[in-house]
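Written below as structure tokens is the structure these notes are about.
The values are calculated or read from the model by the stated rules, or taken from the named source; none is laboratory data. As the structure is a prediction and not an experimental result, all values here were calculated from the model. In this analysis, Cβ positions are derived from the backbone assuming ideal geometry, glycine residues included, and neighbour counts consider all displayed protein chains.
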Amino acid sequence: MLAKEKKSLEINAISKSLTEANATFLVDFKGMDVSQVTKLRKDLSSCEGKLRVTKNTLARIALKDHKESNEVLSSGLVGTNAFVFAYNEVSAVAKVISKCSKSVEAFKLKKGIMEGQELSSAQIIHLGSLASKDELRSQLLSLLTTPATQLVRTINEVPSKFVRVLAAKKDNAA
């Protein structure tokens, strides 16, 4: 394959990912070893995220087709960069990259974009601290079942008190 064709495919792949992703984060991975990058890729794939390393010049070309992303991310394309794309649950992907930035000194969060809004590294870390969809669903379910549980306990308490009163009468009579 010719070099131009490879570059064109890379630009198209980045452009497609920018279109499909719910959020895009720009990170600096300079200094990470292969095992750390492999672990990061594996963690991201488990939450429908993807790490894509590309040349800055190709990234700039791909960003030209995406006005909002271009305005936010192009200024951060200095040095060794990678895009992290969140295709489903953004907070889960943010949690993975936040955890990586804390545990791997060489990994740096630069900036991100979600729904047309720029995210700083502090905002990405905060986004990663939010509860996931499953956690929120379990909290909602707990809130919905609590009144019913309390009602059942209250209803069961009436016969229990009656039995305790009868037992106390029996003990006093004996």
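None of 69, 129 is among the polar types (S, T, N, Q) and farther than 23 Å from residue 16 by Cα except 129.
The residues of the range 55-65 that are touching a residue at least 12 places away in the same chain (Cβ under 8 Å) and either surrounded by 18 or more Cβ atoms within 10 Å (Cβ to Cβ) or in a helix (DSSP H, G or I) (or both), listed by number, are 56, 58, 59, 60, 61, 62, 63.
Restricted to the range 66-109, and to residues that are more than 12 Å from residue 27 (Cβ to Cβ) and of a type in the set (Val, Ile, Thr), which residue is surrounded by the fewest Cβ atoms within 10 Å (Cβ to Cβ)? Here the answer is 78. Whether any residue in the range 42-52 is surrounded by 13 or more Cβ atoms within 10 Å (Cβ to Cβ), in contact (Cβ under 8 Å) with a residue 24 or more places away in the chain and assigned to a helix (DSSP H, G or I) is what I want to check. Taking every residue of the range 42-52 in turn, at least one turns out to be surrounded by 13 or more Cβ atoms within 10 Å (Cβ to Cβ), in contact (Cβ under 8 Å) with a residue 24 or more places away in the chain and assigned to a helix (DSSP H, G or I). Exactly one residue out of 72, 96, 84 is in contact (Cβ under 8 Å) with a residue 40 or more places away in the chain, assigned to a helix (DSSP H, G or I) and under 15 Å from the mean Cα position of the chain (by Cα), and it is 96.
For the range 55-86, a residue qualifies if it is of a type outside the set (A, V, I, L, M, F, W, C) and in contact with a strand residue (DSSP E or B) (Cβ under 7 Å, 6 or more places away or on another chain), and the qualifying residues are 68, 69, 76, 79, 80, 81.
Among the conditions (1) in contact with a strand residue (DSSP E or B) (Cβ under 9 Å, 6 or more places away or on another chain); (2) at pLDDT below 90, residue 33 misses just one, which is (1).
Table: residues versus (1) of a type in the set (Asp, Glu); (2) touching a His at 6+ places or on another chain (Cβ under 7 Å); (3) outside any helix (DSSP H, G or I).
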{"position": "109", "(1), (2), (3)": "no, no, yes"}
{"position": "124", "(1), (2), (3)": "no, no, no"}
{"position": "134", "(1), (2), (3)": "yes, no, no"}
{"position": "147", "(1), (2), (3)": "no, no, no"}
{"position": "151", "(1), (2), (3)": "no, no, no"}
{"position": "159", "(1), (2), (3)": "no, no, no"}
{"position": "163", "(1), (2), (3)": "no, no, no"}
{"position": "167", "(1), (2), (3)": "no, no, no"}
{"position": "170", "(1), (2), (3)": "no, no, no"}
